[in-house]
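Notes to accompany the following structure.
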Amino acid sequence: MPIIKSAIERAKTNVKANERNSAQLSTMRTAVKRFEAAKTAGADNAEELYRAASAAVDKAASKGLIKRNKASRDKSRMAARLAK
């Protein structure tokens, strides 16, 4: 445990940020999985789920949760999957 006041505050901030980042990353992964499952099942709303997943990936990249190249790669794979 930290003893210095600023270190204590920083530890609290890190815990909050970790929880927030984990939640946002989980939301992104869930959106991608929903799209994949819908496409596999041949659901009618695959286009709508693709847009939601793409937006979630963009948001995660803009917040620094994933790198730009990973976001681009994920979106490209989803777009190719949607086109098939």
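Any read-out appearing in this document is the output of simple, stated calculations on the displayed coordinates, not a laboratory observation. Worth saying up front: this structure is predicted, and the values here are computed from it rather than measured. Counting neighbours? That spans all protein chains shown, and the Cβs are built from the backbone with ideal geometry, glycine included.
Values as computed for the structure displayed
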quantity: Computed Kirkwood radius, in angstrom, where 1/r is averaged over Cα pairs of the range 40-79; calculated: 10.6 Å
quantity: Backbone HN-Hα couplings from phi across the range 58-63 [Karplus 6.51/-1.76/1.60, Hz, Gly and Pro as x]; calculated: 4, 5, 5, 5, 5, 8
quantity: About the Cα centre, charge dipole magnitude for the chain (Lys/Arg +1, Asp/Glu -1 at Cβ), debye; calculated: 360 debye
quantity: Whole-number D in µm² s⁻¹ for the range 5-83, Kirkwood Cα-pair radius fed into Stokes-Einstein, 4 °C, 1.567 mPa s; calculated: 95 µm²/s
quantity: Residue-wise HN-Hα coupling along the range 68-84, computed from phi with Karplus coefficients 6.51, -1.76, 1.60 (Hz; x: Gly, Pro); calculated: 4, 5, 5, 4, 5, 5, 4, 5, 5, 5, 5, 5, 5, 5, 5, 5, 6
quantity: Relative contact order (%) - the chain, alpha-carbon pairs under 8 angstrom, separation at least six; calculated: 26 percent
quantity: The range 18-63: C-alpha gyration tensor shape, a/c 1.5 cut-off, then a/b vs b/c; calculated: prolate
